[in-house]
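Chemist: Please see the structure below; I have some questions.
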Amino acid sequence: MSEEKFESLSKTQSGSLGEPHTLKASPDFIANRSVAEDVYARSTRDRLGFWEERASELHWFKKWDGVLDWNPPWVRWFEGGQLNAAYNCLDRHLDGDRRTKPAVIFEGENGGSRTLTYEELYAEVCKGANLLKSLGVTKGDRVTIFMPMIVETVVCMLACARIGAVHCVVFGGFSAGALRERIADVQAKLVITTDDGQRRGKIIKMKGIVEEALRVGCDCVEKVVVVERRQSEQGGTGSGLQGKELAKREPQAADPRFVFYHDALRDMPVDCPAEVMDAEDMLFVLYTSGTTGKPKGVVHTTGGYMTGVAATHRYVFDLKEDDIYWCTADVGWITGHSYIVYGPLANGATVVLYEGAPDYPDKDRYWQIIDKHKVTIFYTAPTAIRSFMKWGLSYLEKHDLSSLRVLASVGEPINPEVWKWYYKYVGGERCPVCDTWWQTETGMIMLSPLAGLSEMKPGSCSSPFPGVKVNVLNRAGEVAEWGHNGYLTVPEPWPAMMRTIYGDDNRYVKSYWSHWPGIYFSGDAARRDQDGFFWIIGRVDDVINVSGHRISAMEVESALLEHPIVAEAACVGKTHEVKGQALVVFVTLRDKDAPKDEVIAELRQFLAGRIGAFARPEEIYLTNDLPKTRSGKIIRRLLKDIAEGRALGDTTTMEGSQVLKELYKG
Ligand code: WTA
């Protein structure tokens, strides 16, 4: 299917229009709010002036000559300006009280914690940057980071930014094949990984996955840096492994490309000047799923991205100097980049970094962490909240959550019941809930209430951030009437927008800018109500959002086609109580007599190995044929109807409609 294809929507609204009533933050919260009352009026009066003010809040080595150069879809923000992202996250906080303020509080899955002040984080990053340099990494080189949620992951991202290298973080749940594809596409010179990762007490051999990935087609990789988890847990200050531990260390791989991080770091000087970067120099590439089988390397640059993430992080969450901020996302996704690393650290905030799962060792883990570290701002995903609801209130009631001030949500639509539960039981009806809509591509939050300033409606992501415009359009490209479903679009450039797809400008134009020229199309459907509140419906392309992970139907299908037994495959999403959506796969086999149960188990395992465990399908149907149009295109709508257990839709254009009677479900 070509990239620009998307479903058409019904003309009128489906489902409820949501609550008519709005909620306000408490008078106490409003009285202490930091964000100025007139921020919306100010940004509407002078949009570019508003962004220029936000940019001025960063540290620039040289001020920009122009704010915006817009030649759709090509954009340049703060042209002529020079800055460094790591300098903004570290050096400029070292002059005053923030020098000794905690920057990162790491909480390990086993309950150990480690705190780094801004000064300590600065020193670690400088040493890490010198290590990268000593391994031949220079400005513009790409570095793939395949790591769990540990301090060194943040350190290595900032170390890359410090020397002008482009990091490309690959989520630690991906398989060797998926990692290989991303390393090769970005042509990484260096890979950083750990010996082990840990999830729900289980050890994941990350280094083994890297070794497997490098076995073919990654000749670009010159060195692999391995962070040893035991050293990281011990404070990672280079004290080194001793006696028995040294003996236990895996022998240095026969491959001379492998380097142990903490060993090498010990000789590195703390001093490392930050590279002067142009505003439009690349900061990172992050892969996300598109509607084809090949993932898209979303490119973000420095000046606009930093401006956007710092401003949104401060305004949306009403950030205060003494806040303890915790975002539960993984650093391997955009939420981790923008709202664990760059936004909060640019603002000098204290960030909690948690390595593990919400239910390990027990289902109260998140509440225990909030209580232990006195978290004030909590940012998580609806899929997690739905699990908490299912697990019940007793887990919450064991802990004191009174430190919480602001709650937020991201990744999927949060329905009003879930919103209300979050507001009532986690926030004690005292904390504003900010449902934030945005994407890997937008880089920063685009739709959200501002805590304490905006009114809220349970289930709605409220309205565009100051200085951002968002429209719901009908197919003709007109702004849809309120209450009508339409396509969620952005008509004006914003600072943190992606600049292109790495190495593929054409695909960038075709994917996002070809539906209505000069207008960004998000791939989501939404509607606006009569009060101007936005309600997100979900994706209208072939991207499926499973527990907040974007998975491309085509990526799953092309992976399945690599299995010798598979003749044809189709993948669709189905509503799931906890995950939001789950994958349902339809497969026709080359050998129709193959034992069905075994085939289904094998395919499930194969997908986990080919993409990652999160791509394991909920259901697999074996069928003799797939429903197709006369031109041979698979009709996903029908498959979706089957997956959802609905009556079949219109089958008049379908070839051989009897095929659906032959389904075998696993
Ligand atoms: C979905 C995550 C409803 C949406 C930051 C979008 C949401 C995709 C919300 C981007 C929300 C994200 N309400 N849906 N508040 N936030 N989405 O790139 O479909 O991993 O297009 O970025 O998640 O996912 P991505």
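The values are calculated or read from the model by the stated rules, or taken from the named source; none is laboratory data. Being a predicted model, the structure only gives us computed values, none of them experimental. Don't worry about glycine lacking a Cβ; one is built from the backbone with ideal geometry, like all the others, and counts go over all protein chains shown. In case anyone asks, the SASA skips ligands and DNA or RNA and just uses the protein heavy atoms, side chains included. Shrake-Rupley method; radii C 1.70, N 1.55, O 1.52, S 1.80 Å.
Chemist: Give, in nm to one decimal, the length gained when the segment between residue 139 and residue 618 is fully stretched (0.36 nm per residue of separation minus the Cα-Cα distance).
Modeler: So the chain would gain 168.1 nm between residue 139 and residue 618.
Chemist: With a 1.4 Å probe and every protein chain left in place, work out the accessible area per residue of the chain in Å², rounded to a whole number. Write out the running numbers ahead of the final one.
Modeler: On the way: 24800 Å² over 666 residues.
Per-residue accessible area for the chain comes out at 37 Å².
Chemist: On to the next question. Pull up all non-local amide H partners of residue 109: gap of 5 or more, or a different chain, and H-to-H distance under 5 Å with H placed in the peptide plane.
Modeler: 355, 356
Chemist: Report the FRET efficiency, 1/(1 + (r/R0)^6), for residue 425 and residue 504, where r is their Cβ-Cβ distance and R0 is 51 Å, rounded to 0.05.
Modeler: Approximately 0.65, to the nearest 0.05.
Chemist: Related question: Can you tell me the length gained on complete extension of the stretch residue 79 to residue 62, counting 0.36 nm per residue apart and subtracting the Cα distance?
Modeler: Gain on extension, residue 79 to residue 62, equals 5.1 nm.
Chemist: While we're here: For a quick protection proxy, order the peptides 77-89, 479-491, 394-406, 172-184 by their average other-Cβ count within 10 Å, most packed first. Could you put the intermediate results ahead of the total?
Modeler: On the way: 77-89: 24.5, 479-491: 18.5, 394-406: 16.0, 172-184: 21.5.
Averaged packing, sorted descending, gives the order 77-89, 172-184, 479-491, 394-406.
Chemist: Another question, if that's okay. Taking the alpha-carbon set of the range 478-569, what are its Rg and Dmax in Å?
Modeler: 16.6, 55
Chemist: Using a 7 Å offset from the Cα along the Cα-to-Cβ direction at both residue 230 and residue 400, what is the distance between the two label points in nm, to one decimal?
Modeler: With each label placed 7 Å out from Cα toward Cβ, I get 3.8 nm.
Chemist: Still on this model: Can you return the lysines within cross-link range of residue 510? Criterion is Cα-Cα under 16 Å, with same-chain partners fewer than 8 residues away left out.
Modeler: 5, 294, 296
Chemist: Ignoring ligands, DNA and RNA, what percent of the 1.4 Å accessible area of the chain is carbon and sulfur? Write down the numbers at each step before the final one.
Modeler: Working: 12200 of 24800 Å².
Taking all protein chains in place, the chain shows 49 percent carbon and sulfur surface.
Chemist: Once you sort the root eigenvalues of the Cα gyration tensor of the chain as a ≥ b ≥ c, which label holds: rounded (a/c under 1.5), prolate (a/b larger than b/c) or oblate (the other case)?
Modeler: Verdict is rounded for the chain.
Chemist: Right, another one. Post the alpha-carbon centroid distance, the range 560-618 to the range 22-64, in whole angstrom.
Modeler: Using only Cα atoms to place each centre, the spacing works out to 48 Å.
Chemist: Now, a different point. Would you list which lysines come within 28 Å of residue 63, measuring only between C-alpha atoms, while excluding same-chain residues fewer than 8 positions from it?
Modeler: By straight Cα distance, residue 63 reaches 133, 139, 320, 469.
Chemist: For the chain, with only Lys/Arg (+1) and Asp/Glu (-1) charged at the beta-carbon, what is the dipole magnitude about the Cα centre, in debye rounded to 20? Walk me through the intermediate numbers first.
Modeler: Values: 80 positive and 90 negative charges, 120 e Å.
Computed charge dipole of the chain: roughly 580 debye.
Chemist: Something else about it: Show me, bin by bin at 10 Å from 0, the whole-percent P(r) of the range 42-154 based on Cα pairs.
Modeler: Calculated P(r), rounded to whole percents: 11, 29, 31, 23, 6, 0.
Chemist: Just to be sure I follow: if Rg is taken over the C-alpha atoms of the range 415-470 and Rh is the Kirkwood radius over the same atoms, what is Rg/Rh? Mind dumping the intermediate values first?
Modeler: Working: Rg = 11.8 Å, Rh = 11.8 Å.
That ratio is 1.00, to two decimals.
Chemist: Which cysteines does the chain leave without a neighbouring Cys Cβ under 4.7 Å?
Modeler: 89, 156, 160, 168, 218, 220, 327, 431, 434, 461, 571
Chemist: For the range 274-329, report the translational diffusion coefficient in µm²/s to the nearest whole number, using Stokes-Einstein at 4 °C, 1.567 mPa s, and a Kirkwood Rh over Cα pairs.
Modeler: 93 µm²/s
Chemist: May I pose another question? What's the FRET efficiency of residue 220 with residue 266 using the Cβ-Cβ distance as r and R₀ = 25 Å, to the nearest 0.05?
Modeler: 0.35
Chemist: Follow-up. Which ³J(HN,Hα) values in Hz, rounded to whole numbers, follow from the phi angles of the range 520-527 under the Karplus curve 6.51 cos²θ - 1.76 cosθ + 1.60, where θ = phi - 60° and Gly and Pro get x?
Modeler: Listing the rounded values in order: 7, 10, 7, x, 9, 9, 7, 9 Hz.
Chemist: Next up: Tell me which lysines have Cα within less than 24 Å of residue 398's Cα, excluding those fewer than 8 residues away on the same chain?
Modeler: Partners within reach: 363, 372, 374, 390, 420, 424.
Chemist: Between the range 277-321 and the range 129-172, how many Å separate their Cα centres?
Modeler: The range 277-321 and the range 129-172 have Cα centres spaced 16 Å from each other.
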